[in-house]
1. Condition test on Glu96, is it more than 23 Å from Val114 (Cβ to Cβ) and either crowded, with 16+ Cβ neighbours inside 10 Å or among the basic types (Lys, Arg) (or both)?
2. From the residues in segment 26-65 that are of a type in the set (Ser, Thr, Tyr) and touching a residue at least 60 places away in the same chain (Cβ under 8 Å), which one is nearest to Arg90 (Cα to Cα)?
3. If a residue counts only when it is surrounded by 19 or more Cβ atoms within 10 Å (Cβ to Cβ) and not aliphatic (A, V, I, L, M), which strands (runs of 3 or more DSSP E) contained entirely in segment 119-199 have at least 3 such residues?
4. Give the residue, chosen from Arg207, Arg130, that is modelled with pLDDT of 95 or more, out of contact with any strand residue (DSSP E or B) (no Cβ under 9 Å at 6 or more places or on another chain) and among the basic types (Lys, Arg).
5. Consider only pairs whose beta carbons are under 8 Å apart and that are at least six residues apart or on different chains; among these, list those whose first residue lies in segment 128-142 and is within 17 Å of Gly117 (Cα to Cα) and whose second residue is surrounded by fewer than 18 Cβ atoms within 10 Å (Cβ to Cβ) and small (Gly, Ala, Ser).
6. Just checking, which of Asp198, Asp149, Asp161, Asp174 is acidic (Asp, Glu) and within 16 Å of Val22 (Cα to Cα)?
7. Can you tell me which residues in segment 24-51 are surrounded by 21 or more Cβ atoms within 10 Å (Cβ to Cβ) and either among the basic types (Lys, Arg) or closer than 28 Å to Val107 by Cβ (or both)?
8. Within the group Val123, Val86, which residue is in contact with a Pro (Cβ under 7 Å, 6 or more places away or on another chain) and closer than 27 Å to Asp161 by Cβ?
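The values are calculated or read from the model by the stated rules, or taken from the named source; none is laboratory data. The shown structure was predicted, so the numbers you read here are calculated from the model rather than taken from an experiment. For neighbour counting, all protein chains shown are included, and Cβ atoms are generated from backbone atoms with ideal geometry for every residue, glycine included.
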Amino acid sequence: MPDSTRSDNPRPENALAAQLMVIAKEPVPGRVKTRLTPAYTPAEAAELAEAALADTLATVAATGVTRRILALAGTPGRWLPPGFDVIAQRGGGLDERLAWALADARVTSPAPLVFIGMDTPQVTPALLARAVEPLVSGTADATFGPAEDGGFWLLGLREIDPALVLGVPMSRADTGALQLARLHHAGLRVRMLPELADVDTAGEAERIAAAAPGSRFAARVRALGPRALLAAG
């Protein structure tokens, strides 16, 4: 298991006995949100990534669960709130990194786990609770949030099994369909969540900012000014 940093915070008595994990990269220019360029500079794209990550972590922090995890490629920064266990990502492709993050989380706790990325700053605590509750109550074995681009923005498992993600082709238009098929093939009862857009292009950034106007992400998009038309040109 990789090095981890444990950040203990009191949990509310009514917290769901589950884990929420964010899969993220340190928002370093040139390493994150590269598809936002050239509409945004690499530094501006990193600013947007940091804002999206901060929003996502704040939402997870506001969701009543017993454990919160950040599986991070890089070093934690000022954007990390208290109350998260930080584990280092390991592995090559995204499927390997997801599988290892699940395995490493399971070492500490076998409780149901839901993971999301850092590309949906519009997500809310209520939406995350909808992903967690069926796993805790046993009314579903998995929860799944499809993304507009054909991927997925959330996956939850009642019983943590890294093999359910290992080998699934990632970052493709059919990734979501392939991952969902993997869950069904394993005989899991899957509860579907709403389809969401994730931040990949300038147009998506502006659309997501409009949908979550009070977010840090929206504030950063407004501060940087409109770029979708520049990207289209």
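1. Taking the combined requirement at face value, the residue does not satisfy it.
2. Step by step, filter segment 26-65, then rank; the result is Thr56.
3. 142-146, 152-157
4. Answer to the check: Arg207.
5. Ala129/Gly64
6. Asp198
7. Ala24, Pro27, Val32, Lys33 - these are the residues of segment 24-51 that are surrounded by 21 or more Cβ atoms within 10 Å (Cβ to Cβ) and either among the basic types (Lys, Arg) or closer than 28 Å to Val107 by Cβ (or both).
8. Val86
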